[in-house]
Amino acid sequence: MIGQADKPQPPAAATPGERGRAGPWLIVAGVVVAFGSLWLLLSGLGALGGRAADTQKASDPATWGQRLYAHYCGACHGADGQGRAGVYPPLAQSEWVVGPVARLNRIMLQGPTGPYNVNGVRFSNDTMPAFGQQLDDERIAAILTYTRSSWGHRASAISAQQVAATRLATRGRAAPWTAMELMALPVDDDAPHQPK
Ligand code: HEC
């Protein structure tokens with residue numbers, strides 16, 4: 001009779017027949033509100049989920065480093081650190097990753113520009129972005145510490161203070177680093193407190 005029997009019945013608004021004319025409006029309003037809040041809820045949860053990988057600090061620093069690595073580096077260097085043959089260099093067994101902190105920090109802050117030799121293989125495709133603007137010292141330290149202790153690596157952790165020291169030493173520089181420039185650095189110039 002009221003013409004609403006074939007419409008999906010939203011749980012809360014279905015009070016048919018109380019006042020003949022208000023019925024359809026209640027149904028429509030109910031459906032709009034129900035779908036609207038469901039959409040808001042889902043998009044809110046989605047945004048939170050997306051942001052969590054980035055900003056939410058895990059209680060365990062290694063877990064946090066791994067999450068940040070997956071988010072910012074994994075697409076090119078691979079979850080297994082193997083890179084992609086001929087395109088993206090490996091981080092696993094890379095002399096750059098386990099080498100001097102002052103060089104590694106610069107690769108992160110201003111980015112590299114090829115060619116780079118990794119394990120005797122040459123890479124030069126200049127796609128790696130600089131992360132200095134995008135990531136703070138703590139995040140960079142967490143990512144680098146993760147790479148230095150993964151895939152069989154046993155290199156020292158990198159602290160946020162060490163990243164801050166490199167940031168200070170390189171302030172004003174925007175250009176990415178060539179491997180030659182990094183090799184010419186005195187390795188302890190801005191990271192004097194490297195743990196052994
Ligand atoms: C868009 C692809 C891309 C992303 C994302 C990326 N890199 Fe790179 N990375 C490269 C390329 C390509 C090189 C080689 C240098 C060149 O050709 O410019 C490189 C070089 C390096 C090197 C020195 C060479 C080596 O293999 O050890 C390190 C260390 C490094 N990247 C670490 C990272 C870390 C850590 C992240 C995440 C914060 C990251 N990269 C994100 C593409 C990428």
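Laboratory data are not the source of any read-out in this text; all were calculated from the coordinates shown. Remember, it's a predicted structure, so these values are computed and weren't measured experimentally. Counting neighbours? That spans all protein chains shown, and the Cβs are built from the backbone with ideal geometry, glycine included.
Observations on the structure shown:
- Distant-in-sequence amide contacts of residue 114, defined by a placed amide H-H separation under 5 Å and a gap of 5 or more residues or a different chain, comprise 125, 126.
- Radius of gyration, Dmax [region 84-176; alpha carbons; angstrom]: 12.8, 36
- Computed from phi, the 3J(HN,Hα) profile of region 117-131 under the Karplus parametrisation 6.51, -1.76, 1.60 (θ = phi - 60°) reads 8, 10, 6, x, 10, 8, 10, 7, 10, 6, 9, 6, x, 7, 10 Hz, with x in place of Gly and Pro.
- Protection proxy ranking of 114-121, 84-91, by the mean of other Cβ atoms within 10 Å over each peptide's residues and highest first, is 84-91, 114-121.
- 3J(HN,Hα) couplings calculated from phi for region 56-67 with the Karplus curve 6.51 cos²θ - 1.76 cosθ + 1.60 (θ = phi - 60°) are, in sequence order, 6, 7, 7, 5, 9, x, 5, 5, 5, x, 5, 5 Hz; Gly and Pro show x.
- Contact order normalised by residue count of region 103-196, Cα under 8 Å, 6+ apart, percent: 35
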